[in-house]
Structure formats: structure tokens, C-alpha cells
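Enquirer: Quick one: structure below, then a few questions.
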Amino acid sequence: MTIVIGIDQGLEYLGIKLVVMKGVMRLGKVSGIKIEVHWTFILLLLWVAFLEFQKGSGLNRILLNEALIVVLFFCVVLHELGHALTAKKFGVQTKNILLLPIGGVATLEKMPEKPAQELWITLAGPALNIIIAILLLLVVPVRSYFNFDAIVMEELLYEPTLQNFLFYLFIANVMLVVFNLKPAFPMDGGRVLRALLSFKLGRVKATEIAASLGQGLAVVFFVLGLFFNPFLLLIALFIFLAAYGENQMVKQGDLLRGYMVKDATLTNITQLNTHNKVKEVIAILLGGTEKDFVVVDNGKIVGVLTQKNIIEHAKAPETLVGSIMQTKFTTVNSSDGLMKVLQGLGREGNGFFPVLEQGKLVGVIDTTNISEFILLRTAAT
């Protein structure tokens, strides 16, 4: 079984969301970090059971494999906790750890730009798997398994015993370490490579090299998936987009470094009030380029109205804005860092923030406006 570990934060900032968060079951919390499992994890268990059934395996053998997957994914959680808890030492919080059929995803707020800190955070994950493997090595006579020829060893390992279970778990943890330390982003080895290269080349160039290697690895997995295992196709897609996402995020961060929200704020905006009707907003929507709006009452922001809200109530044109606006919204200050706000927009569902200066509304900012700012900065440099 192939597992991808530690594809952490590059996707969300760009809006490349490969994981649909619907159907997530929370397992608990560790040090304030939510541990969740996606419903598609059940598909992995069913797939493994189906493959064993096709081989003619008995119930004990099937249950052994199912238990191995569950315990192995517990090791994956420990791996991700290694990343998360080490990141916490450097002031970086982790929103959650999500278990997927292809492994674990720890959603870190960010990855520290200091190479030494990234190195420690990255190595903490595989270190947990190494510790698990060493502990298993103390109780499992691993060397004795390799004293037999291939046929005898295969027959021996087929027996659904506790010793075989622990041996499989030992091998799986070793494979996790080896697989994750491949020097290609977004694997842990790619992050280690990026951190080491950053000392000499800087973060942008180092990320470009590690991401290129990651995308090359994804192409190899894709080809192997076409001929041997379709599951590798999904892994290839995930790795390719994660590497691309991280590379773009770092480039954007470099372009936006030193710029504030006020440098990309959209100031020519339409302010709605709670008594406006949906038909009036539709006329504004069709007559201009604005898609989302701020709702103001007596000079105070009371809500935001998104394009989605408008479309949902288009059949009721007399509906008042005050009854359909979103009253939970995020505001940003004009002096906030632009990259920090871009990251926040990626995490928000609507991607639209009113901008305040000394407590007063001065405009709005969204992903479209920041994208235009990035394009202009790119052209200028």
C-alpha cells in the first residue's frame, strides 16, 4: 500500500481544494488539533477486502488486512502530529489532521520561512515512524523472516498471526519513511531539500527545484498507474497539484512581500443597505463588474451579500437584502500584509473582505483584485 504523507498547506492558499470537506467525521482532538477522517477512507477498506476476497482469502486474513490499515493510519496520525506539534513550538498552529485513502493531510497555518525551522518541522514526521519501527524491531524477530527462501516466507507471512501483523506494521513504517524522504515536493524529503537549498539559493528558487522534482515524480506515478495500479493515478494528481500549488504560493508570497492591503483595495464600490431589494442588486450586478457587496446601516457594516446569495434569491426579486445577507463576515485593515490576507481569503468560503481604515469602510478586497495586482507586479518585474 502506498501512502502520501504531509501534503500540508500549499493547496488551500491558491483555492486548489482537492479535498471536499463534506462527509468528514471528527475522531477527537489532540493538543487542540482536530483529528478527522474523510468518508472515502471507507472505500479503501472495502477495496482491500474485495481484493482479498478475489484471492480466496478467509475471514481471518481479510480482518488482519483491515486491522493493519486502521493501525497503520494511526501511525499516519502520529506522523502528522509530529509535524503539527513541532510547528506549534515555532508558533505555527495546525487547524486539523485529515485522514484520506492516500494518507494524512495536516493543515498548517503556514510553513515557517526560516529554513532551520522548516527542517525541524519536516523531519519530526518521519522521526515518529522511525521510533515506531525501532519499537517494533524490539518485539518482532525481523531477521528470522529473511532466513527463509521466498516461497517459505510467503507461506509464513500468509498466516494471520499477531507476529505477522507486527512484522507487516514494521515494514509499512519503514516504507513510509523511505517513501516520504524522496527528495521531491510535496513529500517530506522535498521539504527537507527545499530547506537545505534555501540556505544558499533562497526560498523561491529552492521551492522551484523541489516542486519540479515533485511534478516529475507525479508523472512517473501516473505512467505506473496506467499499467499497474489505478490508485497511483490519484496519488499522481495529488502530488502534481500540491507541488504546483506550493511553487505558485511561494512565488506569490515573494511578489507580495512588503505590500499592504491598501495597495490592492477596490475603492470604487457600491454600498447596499438592508432595505434594498434583490431586483435592485441584480440590476447593479448586471450593469457592472461587482459580484459581492457590503451592506451598511447608519455608517456601520452589518453584513455582506455575495453573488451566490443573490442567485439563490433571484426568483424572489422583492426580497430585502437585510433578510438574506451574511451577518458573519471578516474585515481586514488597510495596513495588513497582502500575503496574509490572500491566505485568509483562501480559507474563507466567499473570499471577500471589507477593508477598514481607522474603523471606517474604505473599500473591499477579494481574490480577483489580488490576482490582478499579482499580474501587474509580475509584468512590472
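Enquirer: Restricting attention to the range 131-149, does a residue exist that is more than 20 Å from Gly253 (Cα to Cα), open to solvent by 10 Å² or more (accessible area, probe 1.4 Å), assigned to a helix (DSSP H, G or I) and in contact with a Cys (Cβ under 8 Å, 6 or more places away or on another chain)?
Expert: Yes, because at least one residue in the range 131-149 is more than 20 Å from Gly253 (Cα to Cα), open to solvent by 10 Å² or more (accessible area, probe 1.4 Å), assigned to a helix (DSSP H, G or I) and in contact with a Cys (Cβ under 8 Å, 6 or more places away or on another chain).
Enquirer: In the range 147-156, is there at least one residue being of a type outside the set (A, V, I, L, M) and at pLDDT 85 or above?
Expert: No, the range 147-156 contains no residue that is of a type outside the set (A, V, I, L, M) and at pLDDT 85 or above.
Enquirer: Gly202 versus (1) over 20 Å from the mean Cα position of the chain (by Cα); (2) buried (at least 17 other Cβ atoms within 10 Å of the Cβ); (3) within 27 Å of Leu338 (Cβ to Cβ): which is the lone unmet condition?
Expert: For Gly202, the exception is condition (2).
Enquirer: Hey, another quick one. When only residues in the range 57-67 that are in a helix (DSSP H, G or I) and of a type outside the set (A, V, I, L, M, F, W, C) count, which is modelled with the lowest pLDDT?
Expert: Among those residues, the one meeting the criterion is Arg61.
Enquirer: Of these, Phe185, Phe221, which one is touching a helix residue (DSSP H, G or I) at 6+ places or on another chain (Cβ under 8 Å), buried (at least 17 other Cβ atoms within 10 Å of the Cβ), part of a helix (DSSP H, G or I) and not acidic (Asp, Glu)?
Expert: Phe221
Enquirer: Would you please list the contacts, defined by Cβ atoms under 7 Å and residues six or more apart or on different chains, that run from a residue in the range 318-341 that is without any contact (Cβ under 8 Å) to a residue 12 or more places away in the chain to a residue that is surrounded by 16 or more Cβ atoms within 10 Å (Cβ to Cβ) and part of a loop (DSSP other than H, G, I, E, B)?
Expert: Hits for this filter: zero, empty list.
Enquirer: Step by step: first the residues of the range 160-179, then only those that are of a type in the set (Phe, Trp, Tyr) and under 14 Å from Val139 (Cα atoms), then the one that is least open to solvent (accessible area, probe 1.4 Å). Which residue is that?
Expert: Among residues in the range 160-179 that are of a type in the set (Phe, Trp, Tyr) and under 14 Å from Val139 (Cα atoms), the one least open to solvent (accessible area, probe 1.4 Å) is Phe167.
Enquirer: Same structure again: In the range 172-224, how many residues are among the acidic types (Asp, Glu) and under 27 Å from Phe73 (Cβ atoms)?
Expert: 1
Enquirer: Identify the residue in the range 17-56 that is open to solvent by 100 Å² or more (accessible area, probe 1.4 Å) and of a type in the set (D, E, K, R) and, among all such residues, is modelled with the lowest pLDDT.
Expert: Checking each candidate, the answer is Lys17.
Enquirer: Do you know which of the residues in the range 245-275 that are assigned to a loop (DSSP other than H, G, I, E, B) and touching a strand residue (DSSP E or B) at 6+ places or on another chain (Cβ under 7 Å) is most open to solvent (accessible area, probe 1.4 Å)?
Expert: In this case the residue turns out to be His275.
Enquirer: Could you check the range 281-371 for helices (runs of 4 or more DSSP H) lying wholly inside it with 2 or more residues that are open to solvent by less than 10 Å² (accessible area, probe 1.4 Å) and of a type in the set (A, V, I, L, M, F, W, C)?
Expert: The qualifying helices (runs of 4 or more DSSP H) are 338-347.
Enquirer: How many residues, within the range 46-56, are among the hydrophobic types (A, V, I, L, M, F, W, C) and either in contact with a helix residue (DSSP H, G or I) (Cβ under 6 Å, 6 or more places away or on another chain) or not in a helix (DSSP H, G or I) (or both)?
Expert: Total satisfying the criteria: 2.
Enquirer: Checking the condition assigned to a helix (DSSP H, G or I), touching a helix residue (DSSP H, G or I) at 6+ places or on another chain (Cβ under 9 Å), within 30 Å of Thr161 (Cα to Cα) and at pLDDT 80 or above, which residue from Val70, Val77 passes?
Expert: Val70
Enquirer: Residue pairs, Cβ under 6 Å, 6 or more apart or interchain, first in the range 72-89 and over 11 Å from Ile132 (Cβ atoms), second open to solvent by 20 Å² or more (accessible area, probe 1.4 Å) and assigned to a helix (DSSP H, G or I). List them.
Expert: What qualifies is Thr86/Trp120.
The values are calculated or read from the model by the stated rules, or taken from the named source; none is laboratory data. The structure presented is a predicted model; accordingly, all values stated were derived computationally and were not measured. Glycine also receives a Cβ, built like all others from the backbone with ideal geometry; neighbour counts cover every protein chain displayed. The protein model used for the area step is the full one, side chains on, heavy atoms only, and it has no ligands, DNA or RNA in it. Shrake-Rupley method; radii C 1.70, N 1.55, O 1.52, S 1.80 Å.
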